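Asks: Structure incoming, see below.
The values are calculated or read from the model by the stated rules, or taken from the named source; none is laboratory data. Nothing here was measured: the structure is a model prediction, and the numbers come from that model. Backbone-built Cβ (ideal geometry, glycine too); neighbour counts: all protein chains shown. We work out accessible area using only protein heavy atoms, side chains counted, and drop any ligands, DNA or RNA first. Shrake-Rupley method; radii C 1.70, N 1.55, O 1.52, S 1.80 Å.
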Amino acid sequence: AQSVTQLGSHVSVSEGALVLLRCNYSSSVPPYLFWYVQYPNQGLQLLLKYTSAATLVKGINGFEAEFKKSETSFHLTKPSAHMSDAAEYFCAVSETGANSKLTFGKGITLSVRP
Amino acid sequence: NAGVTQTPKFQVLKTGQSMTLQCAQDMNHNSMYWYRQDPGMGLRLIYYSASEGTTDKGEVPNGYNVSRLNKREFSLRLESAAPSQTSVYFCASSFNARGLRDGNTIYFGEGSWLTVV
């Protein structure tokens, strides 16, 4: 069975500071990995995904994530936080076989201080 | 450019009442999903439909039923609502459930806020 762990439920950074949101996965086979963002009262929007190509994945809004198999991690980073980045972020994992489905982490709320 | 459309957006039910959440996608996707989102729990899969004519249970199916009406539409029914079903419900779709490969991004609707009193 696959699972995702997002440590902590809330991260607060100052505007302009580095954003680092952690995600560790557990999967019996090499997985696909995703980061989604949810703004208040909206649905989820795909930020980026890893599907066994390049291990460093660039997404929208300046975010990127690096797949590290040895650490079973897929941490999300952004060099300089903007006020508009305040949202909830979800990491998700999927196996690559037939009929695979997404399994989500519990989510992390990012706050950005002026 | 509708994508995934859910109705209603907000609903208040009394315990024991029934209701159906409707979902439609206009992206010609094969697979559709219903998730619920609760504080501190992330998103949990209720039911999914890998293709038209098939439905399968997800992680938390108890108390729900689904119908894949056609390729576009996938409804979620609460037969006898309970306060534990107070949640935000998301419908989603993807082109193909076989591994969510490149290009098979899963797209979400805007959510339906359900309160059971």
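Asks: Please state the shape class of the range A:40-110: rounded when a/c is under 1.5, otherwise prolate if a/b exceeds b/c and oblate if not, all from the C-alpha gyration tensor. Could you put the intermediate results ahead of the total?
Replies: Values: a/c = 2.01, a/b = 1.32, b/c = 1.52.
Oblate shape, in that a/c is at least 1.5 and b/c is the bigger or equal ratio.
Asks: Treating the beta-carbon of each Lys and Arg as +1 and of each Asp and Glu as -1, no other charges, what is the dipole magnitude of chain A about its Cα centre, to the nearest 20 debye? Mind showing how you got there, number by number?
Replies: Numbers: 9 positive and 7 negative charges, 23 e Å.
It works out to roughly 100 debye.
Asks: In nm, give the distance between the simple-model label positions of residue B:80 and residue B:56, each being 7 Å from the Cα along the Cα-to-Cβ direction.
Replies: About 2.9 nm separates the two model spin labels.
Asks: To continue, here is another question. Taking a quarter of the surface of the Cα convex hull of chain B, what do you get in nm²?
Replies: Numbers: hull surface 27.7 nm².
Averaging across all directions leaves 6.9 nm² for the Cα convex hull.
Asks: Just to be sure I understand the model, the point goes 7 Å from the Cα along the line to the Cβ. What's the resulting residue A:46 to residue A:72 distance in nm?
Replies: 2.6
Asks: Can you pull out the buried accessible area for chains B and A, both sides counted, probe 1.4 Å, rounded to the nearest 100 Å²?
Replies: Details: alone 6280 and 6210 Å², together 10560 Å².
Roughly 1900 Å².
Asks: Along the positive direction of the dipole of the range A:1-74 (beta-carbon charges: Lys, Arg +1; Asp, Glu -1; about the Cα centre), which of A:39, A:10, A:55 reaches farthest?
Replies: A:55
Asks: Quickly work out the residue B:96-to-residue A:9 label distance, labels modelled 7 Å from Cα along the C-beta direction, and quote it in nm with one decimal.
Replies: Distance between label points: 4.0 nm.
Asks: May I ask you to list the trypsin sites (Lys or Arg not before Pro) in the range A:49-114 that are in a DSSP loop and have at most 14 other Cβ atoms within 10 Å of their Cβ? List each step's numbers first, then the result.
Replies: On the way: sites: A:49, A:58, A:68, A:69, A:101, A:106; in loops: A:69, A:101, A:106.
Here the trypsin sites (Lys or Arg not before Pro) that fit, given the DSSP loop and packing criteria, are A:69.
Asks: Between residue B:67 and residue A:26, take the C-beta separation as r, use R0 = 30 Å, and let me know the FRET efficiency to the nearest 0.05. Walk me through the numbers before you get to the answer.
Replies: On the way: r = 33 Å, r/R0 = 1.11.
After rounding to 0.05, the efficiency reads 0.35.
Asks: A further question follows. Using a 4.7 Å Cβ cut-off, which Cys residues in the protein assembly as shown lack a partner cysteine?
Replies: Within the protein assembly as shown, no cysteine lacks a partner Cβ under 4.7 Å, so the list is empty.
Asks: Taking all pairs of distinct Cα atoms, average 1/r, flip it, and tell me the Kirkwood hydrodynamic radius of the protein assembly as shown in Å to one decimal place. Can you show the working numbers first?
Replies: Numbers: mean 1/r = 0.0553 Å⁻¹.
Radius from the Kirkwood sum: 18.1 Å.
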